[in-house]
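The structure under discussion appears below in the form of structure tokens.
The values are calculated or read from the model by the stated rules, or taken from the named source; none is laboratory data. A quick note: this is a predicted structure, and the numbers were derived from the prediction, not measured. Here the Cβ is made from the backbone with ideal geometry for all residues, glycine too, and neighbour counts use every protein chain on show.
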Amino acid sequence: MNRIRKLGARAAAAALGMVLTAAGVSIPAQAQQATSKPISVIVPFSAGSASDVIGRFLLDKVAANSGRTFVYLNRPAAGGNVGTLSVVRAEPDGLTIGFSTSGPLAVNKILNAELGYDPEKDLQPIGVVAVLPNIVVVSAELPIESLTRLIDYLKKTPDVGYGSVGPGSSQHLAGAFFEQLIGARMTHVPYRVTGNLVTDLVSGRVPVSFQLLPNVLGSIQGAKVRPLAVAAKSRLPALPNVPTAAEAGLPEYESAAWFALIAPRGIARAYVDRLNADVNVALRDPAVRSRFSDLGAEPRESSPEDMTRVMADDIAKWGAIIKKGGISLTQ
């Protein structure tokens with residue numbers, strides 16, 4: 001049975017190659033090799049993080065459809081910069097790609113002049129695949145049940161800590177933007193590992209965070225973390241009773257992370273286009289869309305050029321917020 005499946009996958013890959021060749025698309029040996037050999041996927045955040053959960057689920061569907069094999073490598077450090085730099089330094093042979101997010105792919109360029117790479121110049125976009133809004137959450141140990149009361153509390157209690165997965169992450173900037181809008185001073189507490197952050201959030205050691213739903217879904221379901229508002233125009237299907245920030249009294253507050261596939265610069269465009277097409281097919285799958293919805297994620301089909309524009313737009317938007325707040329990687 002396994003042999004039949006392998007032969008079927010090879011036949012499908014060969015058929016796709018024939019179709020693309022007939023259409024006038026050249027398939028270099030590099031792209032053919034990357035289809036038949038295991039592909040390393042560098043995830044620059046810890047196992048169980050939003051990037052990890054979403055990336056694995058999506059690419060497992062791509063693997064099932066295309067016959068590719070993906071091997072996941074978690075390399076968390078420095079807000080995703082270390083793992084993303086590993087993608088930059090990899091050989092552009094199609095055997096190493098990355099699944100990263102808006103922090104290391106956009107805003108960290110503004111925060112760190114010595115980042116070691118320029119995401120706009122040193123990476124090849126494959127495509128944005130999902131957008132996740134940040135959610136204002138508090139520890140259940142904190143007796144606050146609405147966004148209005150949280151704002152009042154923060155104004156009366158300076159330097160309350162809020163946790164994130166690192167400087168420049170969407171969680172960090174969501175917190176900084178929140179501070180600017182409400183006129184209160186908070187203390188950013190960066191973590192390297194998502195699990196450690198959630199542990200301290202549950203205990204109340206760091207009572208506030210601006211989180212992505214996959215990171216805190218279990219804690220919300222267990223009534224250990226309380227969601228107060230979604231920083232988006234619409235409510236999340238996974239949290240239908242949680243208001244948007246606008247509904248909760250803060251209409252200007254919108255903040256989201258986006259997730260994307262990347263490759264080293266110099267990789268064959270034919271490989272990029274084939275993987276992009278396979279990913280977009282997977283994003284239309286009802287099982288993928290349902291799972292993304294459960295995680296608070298909006299599936300997003302896109303092209304490499306679309307992703308280039310998203311990166312530039314995010315750098316402009318958050319650059320203004322970073323400048324206004326005097327935000328640095330030490331905060």
Complete set of residues in region 243-255 that are of a type in the set (A, V, I, L, M, F, W, C), surrounded by 19 or more Cβ atoms within 10 Å (Cβ to Cβ) and closer than 22 Å to SER102 by Cβ = ALA245, LEU250
Hits in region 165-212 - residues which are closer than 18 Å to TRP318 by Cα, part of a loop (DSSP other than H, G, I, E, B) and of a type in the set (Ser, Thr, Tyr) = SER169
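What about THR157, is it out of contact with any helix residue (DSSP H, G or I) (no Cβ under 9 Å at 6 or more places or on another chain), touching a residue at least 12 places away in the same chain (Cβ under 8 Å) and of a type in the set (Val, Ile, Thr)?
In short, no.
How many residues are in contact with a strand residue (DSSP E or B) (Cβ under 6 Å, 6 or more places away or on another chain) and at pLDDT 95 or above when one looks only at region 101-124?
The initial filter retains those residues of region 101-124 that are in contact with a strand residue (DSSP E or B) (Cβ under 6 Å, 6 or more places away or on another chain), namely 101-102, 123-124.
Next, only the ones that are at pLDDT 95 or above stay: 123-124.
Adding up the residues that qualify gives 2.
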Output for Cβ contacts, cut-off 6 Å, separation at least six or different chains, first residue more than 9 Å from LYS224 (Cβ to Cβ) in region 197-208, second among the small types (Gly, Ala, Ser) and surrounded by 24 or more Cβ atoms within 10 Å (Cβ to Cβ), reads LEU197/GLY163; VAL206/GLY163
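Hey, among GLY161, GLY166, which residue is within 20 Å of LEU105 (Cα to Cα) and touching a Pro at 6+ places or on another chain (Cβ under 8 Å)?
Details: GLY161 fails: within 20 Å of LEU105 (Cα to Cα).
Residue meeting the stated conditions: GLY166.
For region 154-164, name all the residues that are part of a strand (DSSP E or B) and of a type in the set (A, V, I, L, M, F, W, C). Let's see the steps before the verdict.
Start the filter on region 154-164 by keeping residues that are part of a strand (DSSP E or B), which leaves 160-164.
Passing the criteria: only VAL160.
Going by the structure shown, is LEU295 touching a Gly at 6+ places or on another chain (Cβ under 8 Å), of a type in the set (A, V, I, L, M) and modelled with pLDDT under 95? Even if it seems obvious, please write down each step before you answer.
Values: touching a Gly at 6+ places or on another chain (Cβ under 8 Å): no; of a type in the set (A, V, I, L, M): yes; modelled with pLDDT under 95: yes.
No, not satisfied.
Do we have LEU236 as in a loop (DSSP other than H, G, I, E, B), within 14 Å of VAL136 (Cβ to Cβ) and not small (Gly, Ala, Ser) here? Steps first, answer last, please.
Values: in a loop (DSSP other than H, G, I, E, B): yes; within 14 Å of VAL136 (Cβ to Cβ): yes; not small (Gly, Ala, Ser): yes.
Considered against the rule, which asks whether it is in a loop (DSSP other than H, G, I, E, B), within 14 Å of VAL136 (Cβ to Cβ) and not small (Gly, Ala, Ser), LEU236 comes out as yes.
Residue under question is GLY79, and the condition is that it be outside any loop (DSSP other than H, G, I, E, B), touching a residue at least 40 places away in the same chain (Cβ under 8 Å), in contact with a Lys or Arg (Cβ under 7 Å, 6 or more places away or on another chain) and crowded, with 22+ Cβ neighbours inside 10 Å; does it hold? Before the answer, list the steps.
Details: outside any loop (DSSP other than H, G, I, E, B): yes; touching a residue at least 40 places away in the same chain (Cβ under 8 Å): yes; in contact with a Lys or Arg (Cβ under 7 Å, 6 or more places away or on another chain): no; crowded, with 22+ Cβ neighbours inside 10 Å: yes.
Criteria not met by GLY79.
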Considering only residues that are in contact (Cβ under 8 Å) with a residue 60 or more places away in the chain and over 19 Å from the mean Cα position of the chain (by Cα), look in region 298-322 and name the one that is surrounded by the most Cβ atoms within 10 Å (Cβ to Cβ).
-> ILE322
So is GLY94 over 14 Å from ASP314 (Cβ atoms), buried (at least 23 other Cβ atoms within 10 Å of the Cβ) and over 18 Å from the mean Cα position of the chain (by Cα) or not?
-> yes
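Among the residues of region 113-128, how many are under 17 Å from ILE267 (Cβ atoms) and either not acidic (Asp, Glu) or not assigned by TED's automatic domain parsing to the domain that holds THR101 (or both)? Outline the logic, then answer.
Start the filter on region 113-128 by keeping residues that are under 17 Å from ILE267 (Cβ atoms), which leaves 117-127.
Then keep just the ones that are either not acidic (Asp, Glu) or not assigned by TED's automatic domain parsing to the domain that holds THR101 (or both); that gives 117, 119, 121, 123-127.
So the count comes out to 8.
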Filter region 221-276 for residues that are acidic (Asp, Glu) and either more than 29 Å from GLY83 (Cα to Cα) or in contact with a Cys (Cβ under 9 Å, 6 or more places away or on another chain) (or both); the one that is modelled with the lowest pLDDT is GLU252
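Residue by residue, here is whether (1) crowded, with 20+ Cβ neighbours inside 10 Å; (2) in contact with a His (Cβ under 6 Å, 6 or more places away or on another chain); (3) assigned to a helix (DSSP H, G or I) holds:
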| residue | (1), (2), (3) |
| --- | --- |
| ALA260 | yes, no, no |
| ILE267 | yes, no, no |
| ALA270 | no, no, yes |
| ASP273 | no, no, yes |
| ALA282 | yes, no, yes |
| SER293 | no, no, yes |
| GLY296 | yes, no, no |
Given the conditions (1) touching a strand residue (DSSP E or B) at 6+ places or on another chain (Cβ under 8 Å); (2) closer than 30 Å to ILE182 by Cα, which single one is not true for ARG149?
-> (1)
Hey, PRO44 hits all of (1) modelled with pLDDT of 90 or more; (2) surrounded by fewer than 20 Cβ atoms within 10 Å (Cβ to Cβ); (3) not basic (Lys, Arg) but one; which does it fall short on?
-> (2)
